[in-house]
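Notes follow the structure.
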Amino acid sequence: MSSSESQSSQQGRHQEVGHKSLLQSDALYQYMLETSVFPREPECMKELREITAKHPWNIMTTSADEGQFLNMLLKLINAKNTMEIGVYTGYSLLATALALPDDGRILAMDINRENYELGLPVIEKAGVAHKIDFREGPALPVLDLLLEDEKKQGSFDFVFVDADKDNYLNYHKRLLELVKVGGVIAYDNTLWNGSVVAPPDAPLRKYVRYYRDFVLHLNRALAADPRIEICQLPVGDGVTLCRRIK
Ligand code: SAM
Ligand code: CA
């Protein structure tokens with residue numbers, strides 16, 4: 001194989017749906033993982049990552065580098081009261097739980113309890129399960145219920161949104177009232193496997209194509225929202241941090 005052929009086949013692989021990085025090459029991503037991420041990954045996170053890798057929907061998990069990023073971010077902002085929408089087997093949840101102080105809280109929501117329970121023994125063994133309040137079911141009604149309680153308004157330091165992309169703007173409307181001024185909402189997958197810049201006739205997988213318009217709409221709406229400051233990072237599949245300023 002010539003070097004240009006090998007480069008283009010690498011690019012092809014790199015752009016496969018589910019790849020956990022948007023960096024310019026697999027080699028660069030691998031370098032980052034091997035140099036800075038895996039050597040510092042807590043044993044429990046490694047164990048959960050390996051359990052998740054055997055699950056048929058493992059494409060949904062948060063990558064190790066994004067887990068490390070979330071953990072660092074939560075410590076930097078001294079987060080204590082947090083929320084997660086979209087738990088799956090709990091990799092980002094564990095990254096969050098490990099970052100919070102012992103009396104920190106995570107209201108964690110997912111329509112699927114079974115996957116959460118796959119990771120739960122690892123979370124329990126890590127000694128952080130007491131920080132988690134898991135609610136099975138769709139997140140939107142939980143948010144509506146929270147909003148009815150005046151004490152919950154403006155009470156969250158951090159929210160990680162990693163669930164149904166077609167509801168992100170519905171979440172946003174509610175989360176802006178639930179997160180405190182100065183608090184952060186992180187929306188995951190905002191570069192949607194690079195499909196945000198794919199030409200209209202690009203051969204995209206069905207679900208990528210379906211959610212793409214919602215992600216495009218979300219990105220425009222966040223960029224135009226005067227109630228927040230934003231920063232979109234090419235970590236994982238793209239994560240947009242929104243800091244509430246009003
Ligand atoms: N953050 C997870 C991790 O680190 O592994 C990955 C979450 S996965 C990408 C998306 C999750 O959102 C799935 O587990 C799915 O069951 C959940 N989900 C989908 N629709 C939902 C909804 N309406 N409310 C709550 N969770 C939902
Ligand atoms: Ca995600």
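Where the only charges are on Cβ atoms (+1 Lys, Arg; -1 Asp, Glu), what is the dipole of the stretch 41-244 about its Cα centre, to the nearest 20 debye? Don't jump to the answer; show the numbers that get you there.
Details: 24 positive and 30 negative charges, 81 e Å.
That gives the stretch 41-244 a dipole magnitude of about 400 debye.
Once you've got the Cα coordinates, tell me which of Lys80/Lys180; Lys75/Lys173; Lys152/Lys246 are over 23 Å apart.
Flagged as over cut-off: Lys75/Lys173.
Along the charge dipole of the chain, pointing to its positive end and built from +1/-1 on Cβ of Lys, Arg, Asp and Glu, which listed residue (Ile59, Leu33, Cys242) has its Cα farthest out?
Working it through, the farthest residue towards the positive pole turns out to be Cys242.
How much of the DSSP beta bridge set in the chain is antiparallel, as a percent to the nearest 5?
Numbers: 11 of 30 bridges.
Counting DSSP beta bridges with both partners in the chain, the antiparallel share is about 35 percent.
Amide H neighbours of Leu233 under 5 Å, counting only residues 5+ apart in sequence or on other chains, H built in-plane at 1.01 Å?
Val239, Thr240, Leu241
As an exercise, use a Förster radius of 41 Å and the Cβ-Cβ distance of Tyr31 and Lys151 to find the FRET efficiency, rounded to the nearest 0.05.
Working: r = 47 Å, r/R0 = 1.15.
Taking R0 as 41 Å, the efficiency between Tyr31 and Lys151 is 0.30.
Give me Leu33, Leu28, Leu216 sorted ascending by neighbouring Cβ count inside 10 Å, so fewest comes first.
Leu28, Leu216, Leu33
At a Förster distance of 30 Å, what's the computed FRET efficiency of Glu43 paired with Leu76, Cβ-Cβ distance as r, to 0.05? Mind showing how you got there, number by number?
Working: r = 23 Å, r/R0 = 0.77.
Using R0 = 30 Å, I get an efficiency of 0.85.
Per DSSP H run of n ≥ 4, the term is -39500 (n - 2.57); total these for the chain, divide by its residue number, and report the mean residue ellipticity at 222 nm rounded to 500 deg cm²/dmol. Could the numbers behind the result be given before it?
On the way: 9 runs with 104 residues, N = 246.
Helices in the chain give a 222 nm mean residue ellipticity of -13000 deg cm²/dmol.
Any idea what log10 I(q)/I(0) is at q = 0.14, 0.18, 0.19 Å⁻¹ for the stretch 81-204, Debye with uniform C-alpha scatterers and no solvent?
-0.63, -0.96, -1.04
As a footprinting exposure proxy, order Trp192, Trp57 by other Cβ within 10 Å, with the fewest listed first.
Details: Trp192 24, Trp57 11.
Ordered from fewest to most neighbouring Cβ atoms within 10 Å, Trp192, Trp57 come out as Trp57, Trp192.
Semi-axes of the chain's equivalent ellipsoid from the Cα gyration tensor, sqrt of 5 times each eigenvalue, largest first, rounded to whole Å? Could you put the intermediate results ahead of the total?
Details: eigenvalues 168, 102, 54 Å².
Over the Cα atoms of the chain, the ellipsoid semi-axes are 29, 23, 16 Å.
Give the order of Phe156, Phe69, Phe38 when sorted by the count of other beta carbons within 10 angstrom, beginning with the fewest. If you can, show how the numbers build up before the last one.
On the way: Phe156 24, Phe69 19, Phe38 14.
By the 10 Å Cβ count, ascending: Phe38, Phe69, Phe156.
Taking R0 as 22 Å, what's the FRET efficiency between Ile111 and Lys206 from their Cβ-Cβ distance, rounded to 0.05?
On the way: r = 20 Å, r/R0 = 0.92.
Approximately 0.65, to the nearest 0.05.
From Cα pairs below 8 angstrom and at least 6 apart in sequence, can you work out the relative contact order of the chain, rounded to a whole percent?
Values: 380 pairs, mean separation 44.9, N = 246.
Normalised by residue count, the contact order of the chain is 18 percent.
Rule-based calculations on the coordinates, nothing more; no lab input. On a predicted model such as this, the values are computed, not experimentally measured, just so you know. Note: ideal-geometry Cβ built from the backbone for every residue, glycine included; neighbour counts use all protein chains shown.
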